[in-house]
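The values are calculated or read from the model by the stated rules, or taken from the named source; none is laboratory data. This structure is a prediction, so every number in the text was calculated from the model and none was measured. Here the Cβ is made from the backbone with ideal geometry for all residues, glycine too, and neighbour counts use every protein chain on show.
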Amino acid sequence: STPISVTALAAMKSRGERIVALTCYDACFARLLDAAGVDLLLVGDSLGMVLQGHATTVPVTVEQMAYHTACVSRGRERALVVADLPFLSCATPERALDNAARLMQEGGAHVVKLEGGAPMLEIVRRLTEQGVPVCAHLGLLPQSVHRIGGYRFQGRDHASSEAIRHDALAMQDAGASLLVLECVPAALAAEIGVTLTIPVIGIGAGAGCDGQVLVLHDMLGLHPGRPPSFSRDFMHGRGSIAESIAAYVESVRDGSFPAAVETPY
Ligand code: KIV
Ligand code: NA
């Protein structure tokens, strides 16, 4: 089947077809997820937590991201590969351009993702004018955990929701092709989804987004202790990983994931 492009994802949005995304860090899972019809493989810097055992994503380097992105690229045939620009890799526009080059040229990423709002707009413009497709990431920004003081929902008060709404539009205007909204109220995410023409992929952001993403290990029940409130263990009651991935794909496509219990706000 035809490889997925950012324009194909935008066309899915305009047709009202939900976009299915999962994080992916290696070729084995890339093959499996691609074969199951997952549209977007996110090589997330969450690999610092789920693969490397760190408490945060802060220690993850561009070199590690390029390595895992290259592994994923070797396993994928159809899905779009999106790679995270890790902590401080976008501290200046020059660094952002160099690091995006590594993720695309060494890693084979089709799109790079970066966390943050207003301060990142200039970088998004610089990347997109050089032909680098960008996925913006607003709401909970895990790379800023030490500044925020923990992982918690964002956009729950007026000022914070206004800022997210405003940044989302500004990111689209700056040239972003996709937007990830993490841990924001479902009503806010749904409103942003109808306002923007670019696809909005939610995680902990309710069922009203144009697509959903989860951390692979969370949805396979591999999370140590209790999984995040907005995730679901798709292995529960199923006999294989392939079956669980298929159930996730179907549940995102038909809108049954996330359900109300997986939508805290
Ligand atoms: O790193 C990651 O897995 C992510 C998703 C949670 C969106 O950025
Ligand atoms: Na990330």
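Tally up the residues in region 216-265 that are hydrophobic (A, V, I, L, M, F, W, C), without any contact (Cβ under 8 Å) to a residue 24 or more places away in the chain and assigned to a helix (DSSP H, G or I), please.
Filtering region 216-265 for residues hydrophobic (A, V, I, L, M, F, W, C) gives 216, 219-220, 222, 230, 234-235, 241-242, 245-247, 249, 252, 257, 259-261.
Narrowing further to those that are without any contact (Cβ under 8 Å) to a residue 24 or more places away in the chain: 234-235, 247, 260-261.
In the following step, the residues that additionally are assigned to a helix (DSSP H, G or I) were identified as 247, 260-261.
Of the residues in that region, 3 qualify.
Does E182 meet the test of being charged (D, E, K, R) and without any contact (Cβ under 8 Å) to a residue 40 or more places away in the chain?
Values: charged (D, E, K, R): yes; without any contact (Cβ under 8 Å) to a residue 40 or more places away in the chain: no.
Here the answer is no, as E182 does not meet what is asked.
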Original post:
Name the pairs whose Cβ atoms lie under 8 Å apart, with the first residue in region 106-120 and under 13 Å from A91 (Cα atoms) and part of a helix (DSSP H, G or I), the second at pLDDT 95 or above and within 12 Å of ligand 1 (Cβ to nearest atom), and 6 or more positions between them or separate chains?
Top reply: M120/L114; M120/A136
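Those residues that are at positive phi and more than 16 Å from ligand 1 (Cβ to nearest atom), I need them from region 105-120; list them, please.
Start the filter on region 105-120 by keeping residues that are at positive phi, which leaves 108, 116.
Matches in region 105-120: G108 only.
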Subject >> Breaking point among (1) closer than 16 Å to Y25 by Cβ; (2) out of contact with any Ser or Thr (no Cβ under 7 Å at 6 or more places or on another chain); (3) within 14 Å of ligand 1 (Cβ to nearest atom), for R76 >> reply: (3)
Original post:
Looking at R232, is it at pLDDT below 95 and not acidic (D, E)?
Top reply: no
**OP:** Could you grab the pairs with beta carbons closer than 6 Å, sequence gap of 6+ or different chains, first residue in region 1-22 and assigned to a helix (DSSP H, G or I) and surrounded by 14 or more Cβ atoms within 10 Å (Cβ to Cβ), second one polar (S, T, N, Q) and at pLDDT 95 or above?
**Re:** V6/S177
Original post:
Considering region 105-131 alone, what residues qualify as being of a type in the set (A, V, I, L, M) and surrounded by 22 or more Cβ atoms within 10 Å (Cβ to Cβ)?
Top reply: A109, V111, V112, L114, M120, I123, V124, L127
Original post:
Does A174 fit the bill of being touching a residue at least 12 places away in the same chain (Cβ under 8 Å) and away from ligand 2 (no atom under 14 Å from the Cβ)?
Top reply: yes
Original post:
Going through region 182-235 one residue at a time, which ones are of a type in the set (F, W, Y) and within 17 Å of the chain's Cα centre (by Cα)?
Top reply: F230
Original post:
Which one is nearest to M49 (Cα to Cα), of the residues in region 221-248 that are within 15 Å of ligand 1 (Cβ to nearest atom) and surrounded by fewer than 20 Cβ atoms within 10 Å (Cβ to Cβ)?
Top reply: H223
Subject >> Complete set of residues in region 97-122 that are in contact with a strand residue (DSSP E or B) (Cβ under 7 Å, 6 or more places away or on another chain) and within 16 Å of ligand 2 (Cβ to nearest atom) >> reply: A100, L103, G107, A109, V111, V112, K113, L114, E115, G117, M120
Original post:
Can you name the residue in region 52-73 that is under 11 Å from Y25 (Cα atoms) and within 13 Å of ligand 2 (Cβ to nearest atom) and is also surrounded by the fewest Cβ atoms within 10 Å (Cβ to Cβ) among such residues?
Top reply: Q64
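Identify, from the list D45, D34, D84, the residue that is modelled with pLDDT of 95 or more, out of contact with any Pro (no Cβ under 7 Å at 6 or more places or on another chain), of a type in the set (D, E) and within 14 Å of ligand 1 (Cβ to nearest atom).
After applying the criteria, what remains is D84.
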Original post:
Does A27 meet the test of being away from ligand 1 (no atom under 15 Å from the Cβ), within 20 Å of G221 (Cβ to Cβ), at pLDDT 95 or above and not basic (K, R)?
Top reply: no
